[in-house]
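Report on the structure given below.
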Amino acid sequence: MNPAMITARPAETPVAAGPAATEAPGQTAGAGQARCPYLVVRNPDAVREVLHRPADFSPGNALVAVTPLEGPALRVLQRVGFALPPVLASNDTGTHAGIRKVVAGFFTPATVAAMEPRIRELAQEAARNAADQLDSSGQVDLVQAVAAFPPAVVMLELLGLPVRDLADLKRWGLDSMELFWGWPDGDRQLELAHSAAGFYVWLRKLVKESLTAPGRNLFKSLADHGLSTPEICSLGYFLLIAGQETTTQLISTILFRLLEGSTPVGWKDAATETGSGAMVRHVLATESSVPTWRRVAAHNTNLGEDLIPAGTEILLELSGNHITSPAALESQSMPSEAVRHGKSAGYGLVFGSGIHRCLGAKLAELEAAIVVQETATALTDVQLQDHQPDWIRLLSFQAPRTVTVATSPRNFALHS
């Protein structure tokens, strides 16, 4: 493994920024964290421009670890041959288009539409199980009961892969997100590295098995396209995380905001197709599960009136979040107009734009809308138990870890 593939530059490195479309490095999540070492771009037009200029603003740092990995963690990964060569999201070479076409073949509009009955079946089953748990124990965590597993099953089935080891896959996904997009100290890095190594070993075995499996699957298609096993593992590593965990997190945030009562859609309205769809769009625009993404200047270039030196690492705001919000940046001098007026890139950019736009965008929206609708239908009268749960707060991912509900006192009294 080449450590340069998974290590970011030191967090204290400063980056200059002009006032037109960008903001100087801000704060990372939480008190005591190092300053965000990125040039923050919040203006929607500037975000779109960066995404549509891949020759100038490379995706090469998109999957680089935010916190440089220390020796013990690197050695754990090296022992299992952990390698993440650029294949899809971080690929800025001429091979990207062909690989993306192969993957896109599994996410066509017709394929996604054909999955709707299966998604609804899984959502209804999860919602029924949540209702049963609520009846038996008096409360239920909707993250685990309805949000966690349907997206994982859908993703594996869509890619033609066996549905197994789901609990491990969920754990590996969260651990890898923290390892690559969080701020773990040395001890925590070591724990997360062991988890990532376990995931990689599992994935490599799955790739080997898939190459000779009957029928069509993504890994076999990639091999037929000419990708090596390390390249397939690299693509699969992040796709099996992003393809399901970010949808789980989106659903979790939607359910939390609905039950919190802070949204334009009520819980009863969410039981309708119109209401659940509106909630999905609302949360995507205001605090999506992937609120930021990274790029790096491939050479000296300009963005609006700003000169961007080669090597400048850029953090693009895709939706509302805790990293680039005005509150997080208010201590910086000369805030940009985008920051001062609290503008967001909005719904139109939440899945990215250009040649690296998320291939699973429509699938994620469909899954979230169906799961929310079926949950609100099955659990007709519940109330949120914890209005301040622990949140996943990483550079590019955010969601409540739990959404615990109980039967409302009024409903309980009616059945007593």
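Placing a pseudo-label 7 Å from each Cα along the Cα-to-Cβ vector at Ala310 and Ala97 gives an inter-label distance of 2.5 nm.
Close amide-amide hydrogen proximity is noted between Leu303 and Ile308, each under 5 Å apart and 5 or more residues distant or on a separate chain (H modeled in the peptide plane; Pro and chain starts excluded). For segment 214-223, putting each phi into the Karplus relation 6.51 cos²θ - 1.76 cosθ + 1.60 with θ = phi - 60° gives couplings of x, x, 9, 8, 4, 5, 5, 5, 5, 5 Hz, in residue order, rounded to whole numbers and with x for Gly and Pro. Placing unit charges on each Cβ (+1 for Lys and Arg, -1 for Asp and Glu) gives segment 99-191 a dipole about its Cα centre, and among Ser136, Ser176, Val112 the Cα reaching farthest toward its positive end belongs to Val112.
Each label point was placed 7 Å from the Cα along the Cα-to-Cβ direction; for Arg171 and Arg401 their separation is 1.5 nm. Given +1 at the Cβ of Lys and Arg, -1 at the Cβ of Asp and Glu and no other charges, the dipole of segment 167-210 around its Cα centre is 280 debye to the nearest 20.
Please give the length that would be gained between Glu125 and Lys362 if that part of the chain were fully extended, namely 0.36 nm times their separation in residues minus their C-alpha to C-alpha distance (nm, one decimal).
Residue separation times 0.36 nm, minus the Cα-Cα distance, leaves 83.1 nm.
Which of rounded, prolate or oblate describes segment 58-121 when judged by the alpha-carbon gyration tensor and an a/c cut-off of 1.5? Prolate.
The slack between Thr272 and Asp185, meaning 0.36 nm per residue of separation minus the straight C-alpha distance, is 26.9 nm.
Here the contact order of segment 122-233, divided by its residue count and restricted to Cα pairs under 8 Å and six or more residues apart, works out to 19 percent.
Residues whose amide H comes within less than 5 Å of that of Phe57, counting only those at least five positions distant or on another chain, are Ala298 (H built at 1.01 Å from N in the peptide plane).
Within a straight-line Cα-Cα reach of under 17 Å, Lys101 can be paired with the following aspartates and glutamates, leaving aside sequence neighbours fewer than 8 residues apart in one chain: Asp92, Asp224, Glu231.
Given a Förster radius of 25 Å and the C-beta distance between His225 and Ala55 as r, what FRET efficiency does 1/(1 + (r/R0)^6) yield to the nearest 0.05? Intermediate results must be reported in sequence, preceding the final value.
Working: r = 23 Å, r/R0 = 0.93.
Once rounded, the FRET efficiency stands at 0.60.
Placing dummy labels 7 Å off each Cα toward the beta-carbon, the span from Gln383 to Trp202 is 3.9 nm.
Subtracting the Cα-Cα distance of Arg281 and Asp132 from their residue separation scaled by 0.36 nm leaves 50.7 nm.
Every read-out reported here was derived from the displayed coordinates using simple, explicitly stated rules and does not represent laboratory data. Worth saying up front: this structure is predicted, and the values here are computed from it rather than measured. Here the Cβ is made from the backbone with ideal geometry for all residues, glycine too, and neighbour counts use every protein chain on show.
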